[in-house]
Amino acid sequence: MQLLKGKTAIITGAASKRGLGKATAKLFAEHGAKIAIFDLSAEAAQAAAADLPGEGHIGLACNVTDKAECDAASAAVIGTFGQVDILVNNAGITQPLKIMDIAPENYDAVLDVNLRGTLYMSQALIPHMKSRKTGSIVNLSSVSAQRGGGIFGGPHYSAAKAGILGLTKAMARELAPFNVRSNAICPGFIATDITGGALTPEMMTMILEGIPMGRAGEASDVAGCALFLASELSAYVTGSEVDVNGGSLIH
């Protein structure tokens with residue numbers, strides 16, 4: 001059963017081969033969606049789109065911190081596909097800094113890509129979704145937002161990802177009358193390109209000891225959750241934050 005047949009989706013920051021965005025794009029395509037991949041490099045975005053199952057997917061350059069680029073790229077996708085049903089705000093960066101080491105440029109970079117980018121991309125698609133009385137926005141937060149730090153992200157990363165939770169809930173409240181849903185995913189430790197190569201065996205052992213399921217998450221684990229939130233299976237779900245962490249943050 002194809003859960004997204006006839007749907008179109010924009011996924012930001014999805015050109016990285018082992019990243020959450022690419023895994024989500026692949027799963028969405030397998031479920032019948034037409035995909036537009038946004039990334040900083042048009043060439044990388046186009047290559048990632050060409051690598052997806054099915055045909056007709058596109059890749060576009062878009063710096064999510066630039067409102068005009070978000071508006072233009074989104075308009076191009078609507079012009080190509082005629083509609084956008086799903087937005088996955090996946091683009092993000094992290095920096096492993098301690099609180100006193102966060103310089104103004106560090107704060108700006110991390111908050112801009114993670115939080116401002118989520119706002120700008122959502123603003124670019126909301127009028128279209130409202131006019132069609134349908135849409136699902138899926139925002140990538142983090143366990144770092146909930147526990148005040150993760151494995152790699154500094155306090156400014158925690159703040160940005162916590163901001164995404166607040167933004168997600170506020171958007172859900174405002175957009176619910178238009179049947180436009182907004183939900184967040186909070187991944188725990190996931191083996192992706194961001195973490196690849198930076199872990200010692202000792203660090204990995206320590207991390208796994210804190211995960212009741214005893215394994216690192218895979219990008220496909222997050223993609224599966226995104227598929228649920230993007231599809232009609234979650235038609236009555238909005239304003240939620242879904243933990244994908246193997247039990248590492250059981251309240």
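The values are calculated or read from the model by the stated rules, or taken from the named source; none is laboratory data. Note that this is a predicted model, so its numbers are computed, not measured. Heads up, the Cβs are rebuilt from the backbone with ideal geometry, glycines too, and the neighbour counts pull from every protein chain shown. We work out accessible area using only protein heavy atoms, side chains counted, and drop any ligands, DNA or RNA first. Shrake-Rupley method; radii C 1.70, N 1.55, O 1.52, S 1.80 Å.
For this structure, a couple of remarks:
- Anisotropy class of region 1-95 from Cα gyration tensor, a/c 1.5 cut: oblate
- Convex hull volume of the C-alpha atoms in region 177-251, normalised per residue: 100 Å³.
- Packing, taken as the mean count of other beta carbons within 10 Å per residue, orders the peptides 3-11, 92-100, 134-142, 237-245 from highest to lowest as 134-142, 3-11, 237-245, 92-100.
- Peptide packing for 200-211, 216-227, 112-123 was compared via the average number of neighbouring C-beta atoms within 10 Å per residue; ordered from the highest value, the list is 112-123, 216-227, 200-211.
- For Lys7, residues with placed amide H under 5 Å, excluding near neighbours: Lys34
- Taking amide H positions as modeled 1.01 Å from N, with prolines and chain starts lacking one, the residues under 5 Å from Glu241 and 5 or more places away or on another chain are Ala184.
- Residues of the chain: accessible area per residue with a 1.4 Å probe, Å²: 45 Å²
- Taking θ as phi - 60° and the Karplus parameters 6.51, -1.76 and 1.60, the scalar couplings of region 210-224 work out to x, 10, x, 6, x, 8, 6, x, 10, 4, 5, 5, 6, 4, x Hz in sequence order, x denoting glycine and proline.
- For the chain, modelled as a GNM whose springs connect Cα atoms under 10 angstrom apart, the maximal fluctuation among Ala33, Ala184, Ala75 occurs at Ala75.
- Karplus 3J(HN,Hα) series, Hz, for region 106-114 with 6.51 cos²θ - 1.76 cosθ + 1.60 (x for Gly, Pro): 5, 4, 4, 4, 6, 5, 5, 5, 6
- The ellipsoid that matches the Cα gyration tensor of region 103-214 has semi-axes, each √(5λ) in whole angstrom, of 31, 16, 11, with the longest given first.
- Whole-Å distance, taken between Cα centres, linking region 1-50 and region 225-240: 18 Å
- Since only Ser122, Gly92, Leu111 are under comparison, the one whose Cα sits farthest along the positive direction of the charge dipole of region 91-151, derived from C-beta charges on Lys, Arg, Asp and Glu, is Ser122.
- Here the Karplus curve 6.51 cos²θ - 1.76 cosθ + 1.60, taken at θ = phi - 60°, turns the phi angles of region 146-156 into couplings of 8, 10, x, x, x, 7, 10, x, x, x, 5 Hz, with x standing for Gly and Pro.
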